[in-house]
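See below for the structure under consideration.
Values quoted throughout were computed directly from the atomic coordinates according to the rules given, and no laboratory measurement underlies them. Treat the numbers as computed from the prediction; the structure is a model and nothing was measured. Here the Cβ is made from the backbone with ideal geometry for all residues, glycine too, and neighbour counts use every protein chain on show.
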Amino acid sequence: MSNYIVLVKQVPDVTQITDNAFDPESGTLIRTRLASVINELDAQALAFTNYMRKVGGDPQSKIIALTMGPPMAEEVLRYSLSRAADTVVLLTDKALGGADTVATANPLAFAIKKIVKDILNCGNDYYIVTGMQSVDGDTAQVPPQIAEELALPCIAYVTGTEFKNNRFGFTRIISGGSQTVAAKKLPAVITVAKYEYPLFATFARTRWANKTEFIQWTSDDIKAPIIGVKGSKTSVIRVFPPGKSARKCRQVSDVKTLAKLIVDSYSSENANVGKADSSQTPRYVLPERRADRFDRSFEGTQKEQQDYEILVEKLKELGITDISRIDDADRQNILAAAGEHFHKKALDDMLNGLKLTEPSFRGEVWVVAEHSDGTIHPATFELIGKARELADSLQTKAGVAIAGYQIEPMAKELIAAGADNIYITEDKLLSVFDPTAYRKAIADCISTHWPQIVLYAATPQGRMLAPMVSYRLGCGLTADCTGLDIRDNSRNGYIGILLQTRPALGGNVMATIRTKNSKSQMATARPGVMKRLPTDNSRKGKVINHKIRLTDDDISLQILKTELGTGDVNFAADVIVSGGKGMQNRDNYERLVGAFCDSLSKKLDTQVERGASRAAVEQGFVEHVHQVGQTGTSIGPKLYFALGISGAIQHMIGVANTETIIAINSDPNAPIFKQCDYYIVGTVEDIVPNLVQELETE
Ligand SMILES: Cc1cc2nc3c(=O)[nH]c(=O)nc-3n(C[C@H](O)[C@H](O)[C@H](O)COP(=O)(O)OP(=O)(O)OC[C@H]3O[C@@H](n4cnc5c(N)ncnc54)[C@H](O)[C@@H]3O)c2cc1C
């Protein structure tokens, strides 16, 4: 009999965010201005678990919901009780607050151990089920970190399950398709990416849920060693509003105007309008290489930089050239001269910072390569471009760690893309990606050489592997970065550190994060954001073989079926027309996308290719090979048409390098309208035939 522990979290309702939800000074979210709700994917995970219990054939199985949060998180436990849970546990303690993902996963894992001992009587036949990620953090790191702490298999990005031959097979999202896997042993952690069959509460069950006592534990009850701000391995140094989209976001009211805009956009020399330009930021220089040793122009925030400018000016005015000789009288003089700019403690910290010249971390800058069937994932090359830039700033080498079987031929390509050293771990057991085996290989290689920075692609594979490796090595990890820069945080004693910038709260804010208490700084970076360098086959590099002992026990998952897209698609075409779930059915996709492609091709005299969202592919409208996005293909045409596509981040990642994006959607509030250049509100059935006619007659 399997039991189930479901992790649920209370989150702010980010769908209702308005500008006044943020503190204008700090840019941080004022939680009380937003309603709190259960994280939607956790609600889906609860429904998914209920389904597992049903098909698993044992109605006696228990579902235990666990949450960590403030006392008011009780509400999500009542929600769980009223739908499916039999027992609920609230882990609440001030000491647990302010935690990053490591300091969240650790106490949750210890609470799970206590549930297993106290409630499940040490049985081993259970699943831990949770949403893929929460909307406030958006990291997807906590579940794999829990799996790592408990040494359990982890199956992430699950969209369905089947109970056959007395065990569960789980269908999950992978790059280029989908895969069905089973855990080789239980317990196991499952993360749910989509389950669209919500549970509803009956009156009777709601009454029962409101009366039922829940179990409440504090930090002392679970005795987790890594908790709260102190246990965290990352710290937020700045929160700020996201920059305005570089896209035009212009609504068009009639097809005639749209047809004209299509022709004009195609013929204009419109170089990558949507791309953020990061080339403005000056390249970091280590303090010892700066012309002026008081130069602190590479601080992580503008405020810090300005404070240092004031301080250095005062030092120069007072004729102070040797920081180590500053006495109390000098301090008084500086404070008097600087007026209200900083108080005594700040001055001491800044002076200490000014003495620092040595970088806080040593070692190379690494990328963990992702590959399948002998092909390196494009995001790996983009990351090598970034690693090259960071390594040059830090006067060190760029390395690539790659694990697999018969992969040595890939080294040449990685070197040509900008890497200096390729660290290869080969073993037959690494022929296909298994999270536990790959974690072992990559973590072992990292802990042998200790690079100062390790970058992974924020693909399903990277977002699974990185949390496991970083947790195992006791290092901080920042998810899904869109900006990576070397800067100083001198006042806090950090020189030449990696500042990791990422969107948070569903893209409503940006946060800049630094790593602390770690030997290596780790981040996953969003595909399509960093730039690949031009291939240089004349580059020389070194191949370093890393040996590791793996056995069958290191393989945690059994792969039952893999479905990958096959067929010929020319995504290098100048124009791509994608259909989404809004196309309604395969016939509509064939008819409308087909006719639109033909008329565009004639009008613009170019090849036009068909694309699709993942949802359209899953609905069977078109084959997998046409999928655009994070787990499909990333494209960069001149014109991209999104027909009946909502604009989910995983889709938009794949079209970031497009020159002009045009959307047709029946929902006036479709998120894609804030991420495109031109849009028209209406159904594809109405708009597309008229647009085709317009293109043909104009
Ligand atoms: C790990 C992971 C990886 C993923 N990778 C990808 C990926 O690579 N690519 C990808 O696309 N997705 C990916 N997804 C899925 C992604 O999150 C979204 O679920 C998906 O992009 C939604 O597709 P959609 O916009 O077609 O469907 P929906 O989100 O359902 O949107 C359909 C849209 O059609 C509109 N509509 C409905 N009827 C009509 C009509 N008659 N006329 C016009 N408009 C209409 C609706 O208003 C809606 O906006 C991934 C998800 C995960 C978890």
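Summary of values
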quantity: 3J(HN,Hα) from dihedral phi, region 544-560, Karplus parametrisation 6.51/-1.76/1.60, rounded to Hz, x for glycine, proline; calculated: 10, 8, 10, 9, 8, 9, 10, 10, 4, 5, 7, 8, 9, 10, 9, 7, 9
quantity: Partners for LYS386 among lysines (Cα-Cα distance below 22 Å; same-chain residues under 8 apart left out); calculated: LYS275, LYS397, LYS412, LYS516, LYS519, LYS531, LYS540, LYS542
quantity: Cβ-defined net charge surrounding ASP553, 12 Å radius [Lys, Arg +1; Asp, Glu -1]; calculated: +1
quantity: Ranked list, fewest to most other Cβ atoms within 10 Å of each Cβ, for CYS475, CYS597; calculated: CYS597, CYS475
quantity: ³J(HN,Hα), Karplus 6.51/-1.76/1.60, whole Hz, each residue of region 341-347, x for Gly, Pro; calculated: 5, 8, 8, 4, 4, 4, 4
quantity: Phi to ³J(HN,Hα) by Karplus 6.51 cos²θ - 1.76 cosθ + 1.60 over region 283-297, Hz, x for Gly, Pro; calculated: 5, 5, 10, 5, x, 5, 9, 7, 4, 10, 6, 8, 5, 10, 8
quantity: Of the chymotrypsin sites (Phe, Trp or Tyr not before Pro) in region 401-463, those whose Cβ has at most 16 other Cβ within 10 Å and which sit in DSSP loop; calculated: TYR405
quantity: For SER175, residues with placed amide H under 5 Å, excluding near neighbours; calculated: GLN461
quantity: Ranked THR191, THR631, THR357, criterion: other C-beta atoms within 10 Å, fewest first; calculated: THR357, THR631, THR191
quantity: Region 30-157, Cα convex hull volume normalised per residue, Å³; calculated: 115 Å³
quantity: 5 angstrom amide H check on VAL6, placed H, neighbours 5+ away; calculated: ILE64, ALA65, LEU66, VAL129
quantity: Bins of 5 Å, starting at 0 and running to the largest distance - Cα pair percent for region 330-375; calculated: 5, 15, 16, 12, 7, 8, 7, 7, 6, 6, 5, 4, 3, 1
quantity: Inverse mean reciprocal Cα-Cα distance (Kirkwood Rh) of region 501-644, Å; calculated: 19.4 Å
quantity: Separation between Cα centres of region 164-193 and region 611-674, rounded to whole Å; calculated: 26 Å
quantity: Cα-based Lys pair tally, region 120-273, threshold under 30 Å, eight or more apart or on separate chains; calculated: 15
quantity: Calculated SAXS-style log₁₀ I(q)/I(0) at q = 0.20, 0.21, 0.29, 0.31 Å⁻¹ - region 648-692, Debye, Cα scatterers; calculated: -0.68, -0.73, -1.08, -1.13
quantity: Rounded to 5, percent antiparallel among DSSP beta bridges of the chain; calculated: 35 percent
quantity: Built amide H within the under 5 Å cut-off of SER556, gap 5+; calculated: THR436, ALA437
quantity: Over region 609-698 - Rg/Rh using Cα atoms and the Kirkwood inverse-distance radius; calculated: 0.96
quantity: Three-way shape call for region 248-359 based on the alpha-carbon gyration tensor, with the a/c threshold at 1.5; calculated: prolate
quantity: Coarse-grained scattering of region 121-202 at q = 0.18, 0.19 Å⁻¹, given as base-10 log I(q)/I(0) from a Debye sum over alpha-carbon atoms; calculated: -0.83, -0.91
quantity: Euclidean distance of C-alpha centroids, region 445-474 and region 403-441, integer Å; calculated: 14 Å
quantity: Distance histogram in 10 Å bins (all Cα pairs of region 624-670, percent per bin); calculated: 28, 58, 14
quantity: Over the chain - Rg/Rh using Cα atoms and the Kirkwood inverse-distance radius; calculated: 0.98
quantity: Residue order, fewest to most beta carbons within 10 Å, for GLU288, GLU364; calculated: GLU288, GLU364
quantity: Cα gyration tensor shape for region 164-246, rounded if a/c is under 1.5, else prolate or oblate; calculated: rounded
quantity: All aspartates and glutamates inside 15 Å of LYS54 as judged from Cα atoms, apart from same-chain residues fewer than 8 positions distant; calculated: ASP86, GLU162
